[in-house]
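Structure first, commentary second.
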2 protein chains.
Amino acid sequence: MSTHSIPADRHATRIARAQAALPAEDASALLLGVGADLQYLTGYGAHELERLTMLVVPAIGRATLIAPRLEMALAQACTASEARLIDLAPWEETDDPFALVAAQLDASDSRPEIQLGALGGTWGRLGGLLVSDRLWATFLLRLQATLPDAAFGLASTVMTTMRAVKDAEEIELLRRAALAADRVVAQIAAGPLVGRTEAEVSKEVLDRLVTEGHDEGDFAIVASGPNSASPHHGPGPRVIAAGEPIVLDIGGRLEGYWSDTTRTLWVTGDADIRPTDEFTKLFDTLHGAQEAQRAAVRPGLAAAELDAVGRKMIAKAGYGENFIHRTGHGTGLDGHEDPYIVSSNEAPLVAGNVFSIEPGIYIEGKFGARIEDLVACGVNGVDELNVSSRDLYVVRG
Amino acid sequence: MSTHSIPADRHATRIARAQAALPAEDASALLLGVGADLQYLTGYGAHELERLTMLVVPAIGRATLIAPRLEMALAQACTASEARLIDLAPWEETDDPFALVAAQLDASDSRPEIQLGALGGTWGRLGGLLVSDRLWATFLLRLQATLPDAAFGLASTVMTTMRAVKDAEEIELLRRAALAADRVVAQIAAGPLVGRTEAEVSKEVLDRLVTEGHDEGDFAIVASGPNSASPHHGPGPRVIAAGEPIVLDIGGRLEGYWSDTTRTLWVTGDADIRPTDEFTKLFDTLHGAQEAQRAAVRPGLAAAELDAVGRKMIAKAGYGENFIHRTGHGTGLDGHEDPYIVSSNEAPLVAGNVFSIEPGIYIEGKFGARIEDLVACGVNGVDELNVSSRDLYVVRG
């Protein structure tokens, strides 16, 4: 990450808010490995290694980033370190980094304000320790062995609520990523497609995502013909033929923030083989449901209700059994994060949530379709981050 | 994975060997999430999701792959499923997948041969459960809550030894990946480089890795000038200038198997600015050490001894403090896996190990160099998977 679109002040606020949220969870510290929580608090977009990198955030006092010595140059360059918001603690190849974590917790234990029990919780080694949700088991089991008296929980109990409500800068990064993905959709829909393999088109998508401004292209589902009935189809050697649909589901990261856009195409070929009535009915049902769901977005609406808006319409048209996944997922520094738009999630949407709306209808062995937008929940309703047409893209070539 | 270079028989053998290894660990089952262990046993190269995918491998009986319904089409297509070596158990969006894992363990408990205590261990819910090392904390904590009486350990205790000794087919996949990376090195060293950003060159490397046969290009460190002193430098906006070194460390995956190659370049520019004596001394020291380490590879040699071979030579030349990382790491379905070539690893190399030999010398703020090969430990000594020159690549343009 060479640019810092998120200012240091934001990181200071985020760290303070995370610390302030710990007592209510009866937790004494956050232990964050490589991943979105770490990047959210510090701006450090580290890569995952079998060597432990861990930000120790005590409820009171300064946070310390424990990292392997050979990662230190990168760690030092992160926003929170440059702004002196956190301390750094390198470890050598032969050190035990878990002992370093314990030492940091002991240090926070010994500070007078903690010993006075000012906040009324249990602290340090004995208090709850909240680890990042995607911390590897190999690290968690070592931490559990090093700190046998601690109760371990998930950092998401603190971080999820914060991260699910995006700052203005975050929404603009997500919008830039979404618009870049929109441009790639238009480029792919310009063809040619007939006679090419899914894998070739997928590679073109990944390249174009970067050309259009992503730091990385991360996925490019190109599910043609009967493959379009498999929601997470991996692009393969199948050659795209005239007279069939393609589900194009693409995304990448721009300064850590994900795009995720799906459009459905129909390839007519020179023979001009138009969509069948059966497919048109399916697609029109889907299109109406997705449009209604976008229009329904507003603060206070339960995620489950938003899911139901589309699901009812799809079921009414006879496709209830063919909409086999939830409506959507939050997006930010993780591709999939809170809020999840699923029937089991009764939590109300709040302004600043950013999530996908991506109903799909799949007829196994035959074909399927999906339409996906990223939207922000604005104070007054939906703020659409994608702007490209949701209609069926009819491609001749 | 569209092709199956690893035959189904291998998967059958691997599953049987993993099961046979469980009693010695006092473990009743392996619980493998998405990742290399899962792919090793089944051929299923699943992508990581917040929805649980888990292969339950009991010590006796058939393994079951628990996966979200919308991943089922992909799961069914894996080698082990196509060959009917495992059973599949889909879960719906509103199911509790952890309860499904517990149910599978209960089912294995209730089989008569287990109740008879034929193998003398403790089984099912009460026995040791070995989770894959990179299973996310969010899954592990849920499993621990669902199965409070179980002792959790790491699957690597069983899987590492197996995976560290490659089959013939695996070595050939790793060789194909390494040779593809070698071709990319030659293409990049053909220039031009002066005046381009590290990020541009990095992007070209990732594209070329795919063109040369990788399924994905995963990393391309292009560390120029003073950045070459940072072992894991992220390619950035720095413009490559004449009269400086570049550390080029590149890799990707070919049918799941990683390449990982580092070469050091020197860019002279039109002004023909040759390496300084200071850099030449550093590079020659490194070159000699890396060559000696490759030559030393043989079964029975401790990994620590192999590390020492190069470290002693580098220290003798006065760069002891500047070789700040271990010599190497195993490579296979994970980019970094056993055996680690580090001073703390006294385990002897065995024929079939595949690992990197990548000493480096780094003068902070100034420059650095690294040379990295992947090698297999053959019965009679080293089998070099990379074949490109390890000399300094002097690039004019």
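Using only protein heavy atoms and a 1.4 Å probe, how much accessible area in total is buried between B and A, to the nearest 100 Å²? Could you put the intermediate results ahead of the total?
On the way: alone 16250 and 16230 Å², together 28970 Å².
Separately minus together, B and A give about 3500 Å² buried.
Comparing A:41, A:152, A:98 along the charge dipole axis of segment A:8-163, the residue lying farthest to the positive side is A:41, per the Cβ-charge model. Among chain B residues, the one whose Cβ is nearest the axis of the rotation from B to A, given with its distance rounded to whole Å, is B:140, 3.
For A:13, A:197, write out the residues from largest to smallest accessible area, computed with a 1.4 angstrom probe and no ligands counted. Write out the running numbers ahead of the final one.
Details: A:13 75, A:197 25 Å².
Greatest to least solvent exposure: A:13, A:197.
Within a straight-line Cα-Cα reach of under 19 Å, residue A:281 can be paired with the following lysines, leaving aside sequence neighbours fewer than 8 residues apart in one chain: A:312, A:316, A:366.
Label-point spacing at residue B:276 relative to the other copies reads 7.2 nm, in ascending order, each point sitting 7 Å out from Cα along Cα→Cβ.
Take residue A:219: with every protein chain present and a 1.4 Å probe, its accessible area is about 50 Å².
Within chain B, what whole-number % of the accessible surface is contributed by carbon and sulfur, with the 1.4 Å probe and all protein chains included in the calculation? Walk me through the numbers on the way to the answer.
Values: 7680 of 14500 Å².
The computed percentage sits at 53.
Give, as ranges by residue number, the residues of segment A:33-71 whose backbone N falls under 18 Å from the point 7 Å along Cα→Cβ of residue A:26. Under cut-off, by backbone N: A:59. Take chain A and mark each of the GluC sites (Glu not before Pro) that is in a DSSP loop with at most 14 other Cβ atoms within 10 Å; the longest unmarked stretch, sites excluded, is A:93-345.
For every other residue with a beta carbon closer than 10 angstrom to the beta carbon of residue A:164, add +1 if it is Lys or Arg and -1 if Asp or Glu, then tell me the sum. Let's see the in-between values first.
Details: positive: A:163, A:166; negative: A:337, A:338.
Here the charged neighbours net out to 0.
Quick check: Cα centre of segment B:341-397 to Cα centre of segment A:267-313, how many Å? Their Cα centres are 54 Å away from one another. The same position residue A:61 in the other copies lies at 5.0 nm from this copy, comparing label points 7 Å beyond Cα toward the beta-carbon, shortest first. Run the 1.4 Å probe and let me know the accessible area of residue A:388, rounded to the nearest 10 Å². Residue A:388 has an accessible surface of roughly 20 Å² with all protein chains in place.
For chain A, the relative contact order is 14 percent, taking Cα pairs closer than 8 Å that sit 6 or more residues apart in sequence and dividing their mean separation by the residue count. Remark: label point of residue A:380 defined 7 Å out from Cα along the Cα-Cβ vector; separations to the same position in other copies 8.0 nm, ascending. Let a ≥ b ≥ c be the square roots of the eigenvalues of the Cα gyration tensor of the protein assembly as shown; is it rounded (a/c under 1.5), or, if not, prolate (a/b larger than b/c) or oblate? Since a/c stays below 1.5, the shape of the protein assembly as shown is classed as rounded.
Taking a ≥ b ≥ c as the square roots of the eigenvalues of the Cα gyration tensor of segment A:165-395, is the shape rounded (a/c under 1.5), prolate (a/b larger than b/c) or oblate? It comes out oblate by the Cα gyration axes.
Let me make sure I get this right: for chain A, a, b and c are the square roots of the gyration tensor eigenvalues over alpha carbons, sorted descending. Under 1.5 in a/c it's rounded, otherwise prolate if a/b > b/c, else oblate. Which is it? The shape class here is prolate.
Protein heavy-atom accessible surface, 1.4 Å probe, per residue over chain A: 36 Å².
With respect to chain B, whose longest principal axis is taken over its alpha-carbon atoms, helix B:8-21 is tilted by about 70°. Compute the angle between helix A:277-296 and the longest alpha-carbon principal axis of chain A, please, reported from 0 to 90 degrees and rounded to the nearest 10. It is inclined by approximately 40 degrees.
Each part gets one Cα centre, and for segment A:88-107 versus segment B:11-29 those centres are 35 Å apart. Shown in residue order for segment B:26-34 are the 3J(HN,Hα) couplings computed by the Karplus curve 6.51 cos²θ - 1.76 cosθ + 1.60 at θ = phi - 60°: 6, 10, 9, 6, 9, 10, 10, x, 4 Hz (x for Gly and Pro).
The values are calculated or read from the model by the stated rules, or taken from the named source; none is laboratory data. Everything numeric here is computed off the predicted structure, so don't read it as measured data. Every residue, glycine among them, receives a Cβ derived from its backbone with ideal geometry; neighbour counts consider all protein chains shown. Surface accessibility is based on the protein's heavy atoms, side chains included, excluding ligands, DNA and RNA. Shrake-Rupley method; radii C 1.70, N 1.55, O 1.52, S 1.80 Å.
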